[in-house]
Structure formats: structure tokens, C-alpha cells
Amino acid sequence: MCFAPISCSSWSLDVRRFKRVAELMASLPAGKPTLYGSLTRRGLSTEGVPDIAASEGFVVGEVTKKSILISCPHENVSTKFLAPYTTFCRIHQKSITCLDISSGGGLGVSTSTDGTMKIWQAANGEIRRLLEGHVYDVNCCRFFPSGLVVLSGGMDAQLKIWSAEDASCVVTFKGHKGGILDTAIVDRGRNVLSCEREVGTEGKILLLAREDKKLQGVGLQSRQPVFLFVGSDAFNCCAFLSSTYILAGTQDGNIYQLDVRNTNAPIQVIHRSGAPVLSLLPYRDGFVASQGDGTCFIIQQDLDYVLDLTEADCDPVYKVASWEKQIYTCCRDGIVRRYQLSDL
């Protein structure tokens, strides 16, 4: 199955920065030409909502100050574009490579190529703690289920556990020979995993995204292979949708959905662009995906359209985190964006 999206370039829904004409593009399955069109703002309503017209067979649906629904009836494709509810641009000075939100939704933690790792208020981006101790860049960070402890891994091959309350480093683990690129926490945090590629866990299975085009499932206790799936390119990320269904994203833009009980063939392959898939996050009855061309989108089983999270433009969106109806993204442009999904 090939997924056909609508994308919108240079899009901003803030009325003060709304571009008069935005390019639309519908990428269709192989063998069909790409459809191009444009949006034109004809004016504003008394409530400050833009009056939008579309060309080339595209249809404008519901429009608010923060969202616009565009469809292409001929191809039965719809996308809702959502602008950030707020942005945090003062947490870091350079690209933000990873972030996570605490289980209570009150705190965020993020790492950056400026060499820092910080804890901040999720509501307003106010910095609360600076976590110092890694040598070189910190590649990954995540909260323990308690929301009071942070796990991090860096290019110094060290795995560290921190107190979110006073920024102290509780313990440092050594043993890797190269930089740590991802971590996973098992259950409530009595065991943790670290590796030099992305990992995921569900129950007793460890999921490994590998550079050699292979997605591998390994038994946590037996340490024996459970399955091995070969994809189209190097796997960058992976996640469990449930105890039986998994997702994995590749360097050439494919997102594979698989059933761990039978991985001979994927359930479906989603492809929006050829840009690398950088992160996958299970969310409600679907997932959030981000890519190297700035694309970040949400697919839900109960929605008849794709939800596109905008304003990253062409900067890679490296990581996505969620808390209830809020989605947080971190980007190469050094901005944390928070989206409010009140209508889902």
C-alpha cells in the first residue's frame, strides 16, 4: 500500500505571517504524476480567519487561525495543516537533537549540538536545570516513568542517570566503545538498554533498527533472535504500536508496519517523501512520524485525513514527544514547537 499525502511548503497559519500564496503538492502512487496547485488568501473574516481559495482541483475545507483542511477529491486524499500553539526558541542556541516530556507533562528535557542538556518547563520553555557531565555531544535523553529521573547517552560512550530535582548525576555507566545513539527503559526503570542505533521494547522483545537494512527482534531474556526483516534501506528508527504491531522507518523515506507474528511481508508501507524517517512515536490509535525534510505528520485510524504539523519548513525534525493532547517536536533550527491537538 502506498500512502498518498498532500504537502504544503513554506506554510504559516499565523495571520500576521500568512503567505499570500502557498504551494500545494499531492504525491501520488508510482505511475501517476504529481499534482501541483496553490492557495490564495482573498481576505480576512471579522474574526481574523483567512478566506482561502485553492486551484487545480484542490478543495479548502475548515479554516481556523491555527489550521486548514485541504483535500483533493479526485484522488480521495485529505490533509489538515496545523500550526504550533507555541514555540520555544531560547532553550538552546543550536540544533536540538532529542527531547522528551515527563509522565506528568510538567517538564521537558532536551539535548543540542551546542553541547548542552537542559530541563525546562513544558508550559513555557523556562529553563529549570542544566545537566552537565558528558564530554562532547549528548545524543539522547529520556525521563524515567517517575518523571523525576533522566537517562542520557552521549558521544563520550557514557550512559548517565540524573536527578531532575537538583541536576546531580546519580550514576555513570561505561562500557560502550562508540557514541550512544539511543536508550530504552524497561518497565518502570529497573533495567535500561543502550545502543549505537535506535531501540525499542515491548514486553519481552527488544526491537533493533540496523544500518544494514535489517530490522531485528531479539528476546530480552533469551537474547535469541525472534525475527529479522529486510527493508529497502538503512533503518533509522522503530517503535511498538502494540504488543504485536511495530513500525520502522528507513533512510529512503519508507515506514513499514509489521506484525511480529509474521514478518515475511509488511502490513503496509507508508511513503510520503524520499527524506529519511528520523523518529516514530505511537500516539493513540496511530502514530507520529518526522522526516529529514521537515515533514512531521500524524496518522490516526479514526481520522479520514492526515494531520500535518507545520512550520519546520525544510529543517529536519529529529524527535517527537507527547503528553495527552500536546505534541512537542525538536528541529535543526533550534526551536521546540508545541502543538495542541484539542480536536482529536
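The values are calculated or read from the model by the stated rules, or taken from the named source; none is laboratory data. These numbers come from a predicted model, not from an experiment. Counting neighbours? That spans all protein chains shown, and the Cβs are built from the backbone with ideal geometry, glycine included. Side chains are part of the model used for accessible areas, which takes the heavy atoms of the whole protein and leaves out ligands, DNA and RNA. Shrake-Rupley method; radii C 1.70, N 1.55, O 1.52, S 1.80 Å.
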Note to self: Under 9 Å between Cβ atoms, which residue pairs at least 6 apart in sequence (or on different chains) link something in region 169-180 that is among the hydroxyl-bearing types (Ser, Thr, Tyr) with a partner that is assigned to a loop (DSSP other than H, G, I, E, B)?
What the structure shows: THR172/GLY133
Checklist line | Residue check for LEU281: buried (at least 23 other Cβ atoms within 10 Å of the Cβ), part of a strand (DSSP E or B), modelled with pLDDT of 95 or more and not small (Gly, Ala, Ser) | finding: no
Next item on the list: With the checklist (1) in a strand (DSSP E or B); (2) aliphatic (A, V, I, L, M); (3) open to solvent by 20 Å² or more (accessible area, probe 1.4 Å) in hand, flag the one item ILE119 doesn't pass.
Entry: (3)
Note to self: Contact list please: Cβ distance under 7 Å, first residue in region 122-141 and under 13 Å from ILE91 (Cβ atoms), second residue of a type in the set (Asp, Glu) and in a strand (DSSP E or B), pairs at least six apart or on different chains.
What the structure shows: CYS141/ASP100
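Matching residues to (1) within 21 Å of LEU280 (Cα to Cα); (2) open to solvent by less than 30 Å² (accessible area, probe 1.4 Å); (3) not small (Gly, Ala, Ser):
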site: GLY57; (1), (2), (3): no, no, no
site: GLU62; (1), (2), (3): no, no, yes
site: LYS65; (1), (2), (3): no, no, yes
site: HIS74; (1), (2), (3): no, no, yes
site: PHE81; (1), (2), (3): yes, yes, yes
site: PRO84; (1), (2), (3): yes, yes, yes
site: CYS89; (1), (2), (3): no, no, yes
site: HIS92; (1), (2), (3): no, yes, yes
site: SER103; (1), (2), (3): yes, no, no
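Of all residues in region 202-240, how many are of a type in the set (Lys, Arg), assigned to a loop (DSSP other than H, G, I, E, B) and surrounded by fewer than 16 Cβ atoms within 10 Å (Cβ to Cβ)?
Residues flagged as of a type in the set (Lys, Arg), assigned to a loop (DSSP other than H, G, I, E, B) and surrounded by fewer than 16 Cβ atoms within 10 Å (Cβ to Cβ) within region 202-240 amount to 3.
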Notebook entry, point to check: Which of the residues spanning region 256-278 are closer than 19 Å to THR329 by Cα and assigned to a strand (DSSP E or B)?
Noted result: VAL277, LEU278
Notebook entry, point to check: When you scan region 290-331, how many residues do you find that are out of contact with any strand residue (DSSP E or B) (no Cβ under 8 Å at 6 or more places or on another chain) and either farther than 24 Å from GLU75 by Cβ or among the hydroxyl-bearing types (Ser, Thr, Tyr) (or both)?
Noted result: 3
Check: Residue check: is ILE161 among the aliphatic types (A, V, I, L, M), in a strand (DSSP E or B), within 19 Å of the chain's Cα centre (by Cα) and at pLDDT 90 or above?
Finding: no
Notebook entry, point to check: All but one of (1) modelled with pLDDT of 90 or more; (2) assigned to a loop (DSSP other than H, G, I, E, B); (3) under 26 Å from the mean Cα position of the chain (by Cα) hold for HIS176; which doesn't?
Noted result: (3)
Notebook entry, point to check: Identify, please: which residue in region 135-155 is open to solvent by 30 Å² or more (accessible area, probe 1.4 Å) and not in a strand (DSSP E or B) and is, among those, modelled with the lowest pLDDT?
Noted result: TYR136
